[in-house]
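Participant: Below you'll find the structure I mean.
The values are calculated or read from the model by the stated rules, or taken from the named source; none is laboratory data. Here the structure is a predicted model, which means the values were calculated and not measured. Cβ: placed from backbone, ideal geometry, glycine included. Neighbour counts: every protein chain shown.
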Amino acid sequence: MTDRHISVTGLGYVGLPVAVALGKAGFPVVAYDYSTRRVDELRRGVDRTRETTAEELAEAKLYITNDPADLKVADFHIVAVPTPITTAHRPDLDPLFGATKTVGDQIKAGDIVVYESTVYPGVTELECVPILEARSGLKCGVDFSVGYSPERINPGDREHTFDTVVKIVSGLDEKTLDIVAAVYSRVVKAGVHRAPNIKTAEAAKVIENIQRDLNISLMNELALIFELLDIDTHDVINAAGTKWNFLRFRPGLVGGHCIGVDPYYLTHRAEQVGYHPEVILAGRRINDRMGRVVARETIKRLLQSGHTGGFQIAILGITFKEDVPDCRNTRIVDIYEELLGFGAKVAVHDPVADPADVEHEYGIRLVNVADVPPSDAVIAAVGHAAFRDAGWNLISGMLKNGTGLVIDVLSMLDRKTMPEGITLWRL
């Protein structure tokens, strides 16, 4: 039952680790991506996401390709492409539908198509199956079948990896579910959880990140309240955290491709069936404003300290997450743009991000650490290990005469060792 020939469509943060794990387990794997650049890099053993190494790629023995026709040899197809949102905060399923068309053109009788992309309940059966049927000329449930097994990849996390986190699996019918469960059980040491149907598995995935989003939004709102009360939020959290059932979420900027995106998938589907979500969207509104809050707090405190304008400000970090090179959907850009709106000059330094990607996405040119102009304020926005290791030496070296305002978004700097002449504000 597990002697399947696998294809994985989409070789990003999700698809590549899945393909590598299956390949290392002995499955023959066709690893497909439409991007010629991505395929060429992976063939050379280079993974720009840093989720896999050249050694792991070699061990997996993947057949890496950008030719859709190569998918024909597989009989178990995994689709792991991004599911972003539009500027209007609506699901953008174009990448998923495009991948579905590509796979649909190649599938044959007896094949199974399993989706890992995050979607709202019903997408696999109501949206993707008709595309697969139309492109293949086959009938789902008769000639081929589908399943859903949501991704749980956490970029940059070396502890909670593909094979160490329980995998939710689901299938169109019991026979399909048995096959899907058997395939993933070969590689996921933590085991699999059989959802009763595909819609349940889709819903389970989307609420995982909604729960995190809401908890962070609560901490962000508390931070706004405590700022007015002149109380340090992290001191409060550390005190409350001594209770056994207190959840130690912290305030911060919520970007990336999951937590800040997935809630809009469920709210969209809820509105389609006549329900207007309130709590979920309230949490999103709070989290979406926090970048502007940080920028305005920076300007306010500079003015309070006697500066009259012409601010020079340095931002440390532009990626959406620490030690991850991806800058897409980063909320640090909200800080940057708000500061520009106040007339500030802003230099951004990030040793992890790809400068070409940052300039392409946002028109921002990163500067080397030695080229950061002496600044009135430094905003420590992303907790890269390089920043944490350098600590106050790095920060004070960027300030004019070693003094000025420091905005520590993540509270990663030690207040006890703070040099004299520095004013510190933490979210």
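Participant: Name every residue in region 300-317 that is touching a Phe, Trp or Tyr at 6+ places or on another chain (Cβ under 8 Å), buried (at least 21 other Cβ atoms within 10 Å of the Cβ) and either without any contact (Cβ under 8 Å) to a residue 24 or more places away in the chain or within 16 Å of Ala347 (Cα to Cα) (or both), in order of residue number.
Facilitator: Of the residues in region 300-317, the ones touching a Phe, Trp or Tyr at 6+ places or on another chain (Cβ under 8 Å) are 301-302, 311, 315-317.
Next cut, buried (at least 21 other Cβ atoms within 10 Å of the Cβ) only: 302, 315-317.
Result: Ile315, Leu316, Gly317.
Participant: Report yes if some residue within region 209-217 is assigned to a loop (DSSP other than H, G, I, E, B) and touching a residue at least 24 places away in the same chain (Cβ under 8 Å); otherwise report no.
Facilitator: Filtering region 209-217 for residues assigned to a loop (DSSP other than H, G, I, E, B) gives none.
No - not one qualifying residue is present in region 209-217.
Participant: Checking the condition at pLDDT 95 or above, under 21 Å from the mean Cα position of the chain (by Cα) and β-branched (Val, Ile, Thr), which residue from Ile64, Ile85, Ile78 passes?
Facilitator: Working: Ile64 fails: under 21 Å from the mean Cα position of the chain (by Cα); Ile85 fails: at pLDDT 95 or above.
On inspection, the qualifying residue turns out to be Ile78.
A quick yes/no check of all residues on (1) in contact with a Pro (Cβ under 6 Å, 6 or more places away or on another chain); (2) farther than 28 Å from Asp92 by Cα:
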| site | (1), (2) |
| --- | --- |
| Gly310 | no, yes |
| Ala314 | no, yes |
| Val324 | yes, no |
| Gly341 | no, yes |
| Ala344 | no, yes |
| Val358 | no, no |
| Tyr362 | no, no |
| Ser375 | no, yes |
| Met412 | no, yes |
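Participant: If you don't mind, another one. Test each condition in (1) touching a residue at least 40 places away in the same chain (Cβ under 8 Å); (2) part of a helix (DSSP H, G or I); (3) touching a helix residue (DSSP H, G or I) at 6+ places or on another chain (Cβ under 8 Å) for Thr161 and report the one that comes out false.
Facilitator: (2)
Participant: When the residues of region 225-243 are filtered to those that are assigned to a loop (DSSP other than H, G, I, E, B) and within 29 Å of the chain's Cα centre (by Cα), which remaining residue is nearest to Val293 (Cα to Cα)? If you could, list the steps in order and put the result at the bottom.
Facilitator: Applying the first criterion (assigned to a loop (DSSP other than H, G, I, E, B)) to region 225-243 yields 229-232, 241-243.
From what's left, within 29 Å of the chain's Cα centre (by Cα): 232, 241.
Working: Asp232: 16, Gly241: 25 Å.
The residue in question is Asp232.
Participant: May I pose another question? What are the residue pairs meeting all of these: first residue in region 244-264, first residue over 23 Å from Leu427 (Cα atoms), second residue of a type in the set (Asp, Glu), Cβ atoms under 9 Å, and 6 or more apart or on different chains?
Facilitator: Asp262/Glu208; Asp262/Asp213; Pro263/Asp213
Participant: Moving to a separate point now. Can you tell me which residue within region 164-175, out of those that are surrounded by fewer than 21 Cβ atoms within 10 Å (Cβ to Cβ) and at pLDDT 95 or above, is nearest to the chain's Cα centre (by Cα)?
Facilitator: Val166
Participant: Under 7 Å between Cβ atoms, which residue pairs at least 6 apart in sequence (or on different chains) link something in region 272-299 that is within 14 Å of Leu218 (Cα to Cα) and exposed (fewer than 13 other Cβ atoms within 10 Å of the Cβ) with a partner that is modelled with pLDDT of 95 or more and of a type outside the set (Ser, Thr, Tyr)?
Facilitator: Val279/Leu214
Participant: Which one of these is at pLDDT below 95 and not small (Gly, Ala, Ser): Thr161, Thr200?
Facilitator: Within the list Thr161, Thr200, the selection yields Thr161.
Participant: Tell me, please, whether a residue that is of a type in the set (Phe, Trp, Tyr) and crowded, with 23+ Cβ neighbours inside 10 Å can be found in region 52-65.
Facilitator: no
Participant: For a quick check of your reading of the model, give me the residue pairs whose first member lies in region 389-400 and is assigned by TED's automatic domain parsing to the domain that holds Asp323, whose second is surrounded by 19 or more Cβ atoms within 10 Å (Cβ to Cβ) and assigned to a helix (DSSP H, G or I), with beta-carbon atoms closer than 8 Å and at least 6 apart or on different chains.
Facilitator: Leu394/Phe387
Participant: Within region 352-402, track down each residue that is loosely packed, with under 15 Cβ neighbours inside 10 Å and either outside any helix (DSSP H, G or I) or touching a strand residue (DSSP E or B) at 6+ places or on another chain (Cβ under 7 Å) (or both).
Facilitator: Matches in region 352-402: Gly363, Arg365, Asn368, Pro373, Pro374, Lys400.
Participant: While we're looking at this one, here's another question. On the basis of being within 19 Å of Lys321 (Cβ to Cβ), part of a helix (DSSP H, G or I) and of a type in the set (Val, Ile, Thr), does Ile179 make the cut? First the steps, then the outcome.
Facilitator: On the way: within 19 Å of Lys321 (Cβ to Cβ): no; part of a helix (DSSP H, G or I): yes; of a type in the set (Val, Ile, Thr): yes.
No.
Participant: Can you name every residue in region 1-34 that is within 20 Å of the chain's Cα centre (by Cα) and among the hydroxyl-bearing types (Ser, Thr, Tyr)?
Facilitator: Thr9, Tyr13
Participant: Okay, moving on. Scan region 64-88 and report the pairs whose first residue is part of a loop (DSSP other than H, G, I, E, B) and whose second residue is surrounded by fewer than 16 Cβ atoms within 10 Å (Cβ to Cβ) and among the small types (Gly, Ala, Ser), with Cβ atoms within less than 7 Å and a gap of 6+ or a chain change.
Facilitator: The qualifying pairs are Asn66/Ser35; Asp75/Gly110.
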